[in-house]
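Reading through the structure tokens given below for one structure.
The values are calculated or read from the model by the stated rules, or taken from the named source; none is laboratory data. Note that this is a predicted model, so its numbers are computed, not measured. Don't worry about glycine lacking a Cβ; one is built from the backbone with ideal geometry, like all the others, and counts go over all protein chains shown. Each accessible area value is taken on the protein alone, full model and side chains, heavy atoms only, with ligands, DNA and RNA left out. Shrake-Rupley method; radii C 1.70, N 1.55, O 1.52, S 1.80 Å.
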Amino acid sequence: MPSPLLPSSLGSAEGRNPPVVRRPVIEIADLDFHYGTSQALHDISLSIAEKEVTAFIGPSGCGKSTLLRCLNRMNDLIDGARISRGAIRIRGVDIHQRDVEVMELRKRVGMVFQKSNPFPKSIYENVVYGLRLQGVRDKTRLDEAVETSLRGAALWDEVKDRLHASGLSLSGGQQQRLCIARTIAIEPEVILMDEPCSALDPIATAKVEELIHQLKLRYTIVIVTHNMQQAARCSDRTAFFYLGKLIEFAPTKDIFMTPSNPQTEAYVSGRFG
Amino acid sequence: MKRFFDSELELFRSKLILMGESSVRQVRDAMKALVEGDVALAQRVVAADDEVDRLEIEIDEEAVRYMTLRSPVATELRLVIVGMKASHDLERVGDEATNIAKRVVRLAAEPPLKPYVDLPRMAGIALEMLRDALDCFLDGDEEKALAVCRRDAEVDAINRQLYRELSSFMVEKPVTISRALELMFISKSIERIADHATNIAEEMVYLSRGKDIRHSDEVKRHGTSGESGASEPRR
Ligand SMILES: Nc1ncnc2c1ncn2[C@@H]1O[C@H](COP(=O)(O)OP(=O)(O)O)[C@@H](O)[C@H]1O
Ligand SMILES: [Mg+2]
């Protein structure tokens with residue numbers, strides 16, 4: 001009988017990296033990444049499981065956002081930024097191949113940023129922005145998308161009576177949920193979130209976390225967070241990065257209860273970072 | 001606001017209640033087996049101890065997981081800590097029930113030394129204490145918890161009285177020694193069960209008040225007499 005306090009994995013902690021991810025949506029293999037001459041990511045391999053929440057944690061500058069932006073090629077916009085080795089495959093397709101349509105990719109892999117960035121337009125227009133870009137004109141379809149997405153983002157009840165008020169009139173937490181509604185309006189498969197709660201108060205944060213919990217029933221979610229409690233609460237798997245390297249990737253419970261790497265333990269215990 | 005992990009806490013709470021019910025049933029069945037000389041029932045009690053042990057492990061695992069992943073504070077943190085302690089006490093109650101049941105099996109080979117009156121009465125009080133202690137966990141009734149702590153002395157008194165009585169049996173008729181010893185140990189087991197009920201009650205008060213009442217005047221419960229050879233200091 002194993003000790004009741006320690007999961008049986010403790011003794012064999014070394015042997016559990018990398019975890020087996022069933023039905024991975026995204027596979028990152030042997031990835032090196034450079035900004036000009038400076039290398040930001042070193043030999044990263046990890047898989048993102050379908051309809052799970054995967055959290056990236058680690059001290060600032062360790063490359064979490066860089067890796068997240070690789071997943072929908074947001075780094076293409078940065079001069080001198082490039083993947084120098086390895087590949088990222090989504091459902092088996094290398095997303096950096098020439099014939100991959102970037103706009104198509106970003107439709108499948110949506111992104112929610114750290115600072116909520118609603119457009120200076122109405123709540124309604126914020127939600128349908130992506131659909132309009134796709135050329136959707138049908139009013140009924142747009143109305144439906146607004147309601148579904150705002151409900152999906154747990155914002156509908158708070159704004160249903162003022163859909164034509166400016167998105168900027170909302171509170172910080174509501175703005176962030178509006179951005180999530182905008183992201184899910186185009187029905188992506190994967191949602192990337194880069195520190196989505198870092199500008200929010202604890203109540204608004206709890207609402208977004210609650211929302212993440214609901215969203216994972218339908219979407220695959222990758223979240224970058226510097227809040228370890230948030231990673232612990234929200235995610236199924238956690239990847240810990242340090243100085244551009246993936247130090248440990250395991251089920252969240254293992255990362256926080258019995259990390260196998262001393263650096264992970266130091267970080268999750270708040271002793272560095 | 002309801003949180004997605006509130007249900008985990010509910011599950012934790014219900015596991016603890018389930019464990020409480022299992023251990024109460026174990027004690028009750030062990031005593032019934034004694035009074036009715038029912039060996040088969042005693043054997044079932046011994047076999048069912050695994051169930052209580054398993055619940056203790058599950059509760060501990062759940063508590064550690066919850067503390068690690070949910071960072072509970074205030075009442076919630078106390079609930080998880082108290083839950084772990086209470087489950088440990090309940091596991092020990094289960095062990096005592098098993099001890100009693102094993103002695104019932106051995107006693108059944110010989111005629112009863114005397115009619116079983118005091119032991120069931122004592123066990124009745126201990127079980128009531130245990131049930132009240134667990135009830136406090138459901139309804140947060142602090143008065144009930146404090147009453148449990150005070151009743152511990154009653155059980156101690158019966159234990160001491162039985163000890164004297166059984167000692168005299170042994171002195172007068174050495175042939176009764178083995179049976180009298182079994183009964184003394186059963187009495188001791190019941191006394192321990194009452195101690196665990198008291199621990200649980202104290203833990204429940206800590207849960208509702210956030211203040212530790214162990215060893216305080218509020219719950220003075222131990223007689224001062226050192227006459228009882230069968231009484232050991234509580235842990
Ligand atoms: N646009 C950029 N140009 C050059 N270097 C960058 C750029 N963005 C990030 N970096 C560098 O890459 C490293 C990783 O940064 P980043 O991915 O933002 O880390 P994190 O999100 O973990 O805080 C840091 O050293 C940072 O200075
Ligand atoms: Mg970042």
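What you get for the protein assembly as shown, charging only the Cβ of Lys and Arg (+1) and of Asp and Glu (-1), is a dipole of about 1220 debye around the Cα centre. Using only side-chain charges placed at the Cβ, +1 for Lys and Arg and -1 for Asp and Glu, the dipole size of chain B relative to its Cα centre rounds to 360 debye. Estimated from the Cβ-Cβ distance and a Förster radius of 22 angstrom, the FRET efficiency linking A:L168 and A:D201 is about 0.75. Taking a point 7 Å out from the Cα of B:S178 in the direction of its Cβ, the residues of the range B:31-48 whose backbone N falls within less than 18 Å of it are B:39.
The charge dipole of the range A:55-105, taken about its Cα centre with unit charges on the Cβ of Lys, Arg, Asp and Glu (plus for the first two, minus for the last two), comes to roughly 240 debye. Each label point was placed 7 Å from the Cα along the Cα-to-Cβ direction; for A:D236 and B:E143 their separation is 5.1 nm. Accessible-area rank, largest first, for A:D138, A:D236, B:D195: A:D138, A:D236, B:D195, with all protein chains present and a 1.4 angstrom probe. Estimated at 0.36 nm per residue, the fully extended path between A:V100 and A:H42 surpasses their Cα-Cα distance by 18.4 nm. Selection among B:M170, B:Y66, B:A153 by position relative to the dipole of the range B:6-220 gives B:M170 as farthest towards the positive end (Cβ unit charges, Cα centre). Descending by average beta-carbon neighbour count within 10 Å, the peptides B:208-217, B:126-135, B:53-62, B:36-45 line up as B:126-135, B:53-62, B:36-45, B:208-217, the highest first.
Among the residues of A:58-65, the average count of other protein chain beta-carbon atoms within 10 Å of the residue beta-carbon is 0.
Run the paramagnetic zone check for B:L77: 7 angstrom along Cα to Cβ, then residues of the range A:201-224 with backbone nitrogen under 19 Å. Answer for the range A:201-224: A:202-203.
May I ask which residue of B:L79, A:T264, B:L130 lies farthest towards the positive end of the charge dipole of the protein assembly as shown, with charges of +1 (Lys, Arg) and -1 (Asp, Glu) on Cβ and the Cα centre as origin? About the Cα centre, the residue reaching furthest to the positive side is A:T264. Taken along the Cα-to-beta-carbon direction at a fixed 7 Å, the label points for A:R137 and B:E110 span 10.2 nm. Note on the range A:113-227: Cα Rg divided by 2.2 N^0.38 Å, N the number of residues, gives 0.99.
Our coupling estimate for the range A:68-79, obtained by passing each phi through the Karplus curve with A = 6.51, B = -1.76, C = 1.60 and θ = phi - 60°, is 4, 5, 4, 6, 10, 6, 5, 6, 4, 6, 9, 4 Hz, Gly and Pro reported as x. Could you pull out the pairs from A:K51/B:K2; A:K51/A:K107; B:K32/B:K144; A:K160/B:K2; B:K144/B:K188; A:K107/A:K253 whose alpha carbons sit more than 20 Å apart here? Checking Cα-Cα distances, A:K51/B:K2; B:K32/B:K144; A:K160/B:K2; B:K144/B:K188; A:K107/A:K253 exceed 20 Å. Our helix-only sum for the protein assembly as shown, with -39,500 (n - 2.57) per DSSP H run of n ≥ 4 divided by its residues, gives a mean residue ellipticity at 222 nm of -18000 deg cm²/dmol.
Counting Lys and Arg as +1 and Asp and Glu as -1 over every other residue whose Cβ lies under 9 Å from the Cβ of A:I221, the net charge comes to +1. When each of the peptides A:190-202, B:6-18 is scored by the mean number of other C-beta atoms lying within 10 Å of its residues, the order from highest to lowest reads A:190-202, B:6-18.
In this label model, B:V117 and A:F119 are separated by 9.1 nm, measuring between points 7 Å along each Cα→Cβ vector. Placing unit charges on each Cβ (+1 for Lys and Arg, -1 for Asp and Glu) gives chain A a dipole about its Cα centre, and among A:T148, A:M193, A:P251 the Cα reaching farthest toward its positive end belongs to A:T148.
Per residue of peptide A:231-237, the mean number of Cβ atoms on other chains within 10 Å of the residue Cβ is 2.
Diffusion coefficient (Stokes-Einstein, Kirkwood radius over C-alpha pairs, 37 °C, 0.692 mPa s) for the range B:6-220: 183 µm²/s, rounded to a whole number. The mean number of Cβ atoms from other chains found within 10 Å of a Cβ in peptide B:61-71 is 4, as a whole number. Annotation for the range A:66-110 versus the range A:180-223: alpha-carbon center distance of 21 Å. Phi angles across the range A:30-45 convert, under the Karplus curve 6.51 cos²θ - 1.76 cosθ + 1.60 with θ = phi - 60°, into 3J(HN,Hα) values of 6, 7, 10, 9, 10, 9, x, 9, 9, 8, 9, 10, 10, 6, 8, 10 Hz, Gly and Pro given as x. Maximal additional length on extending the B:E36-B:T68 stretch stands at 6.7 nm, based on 0.36 nm per residue less the C-alpha distance.
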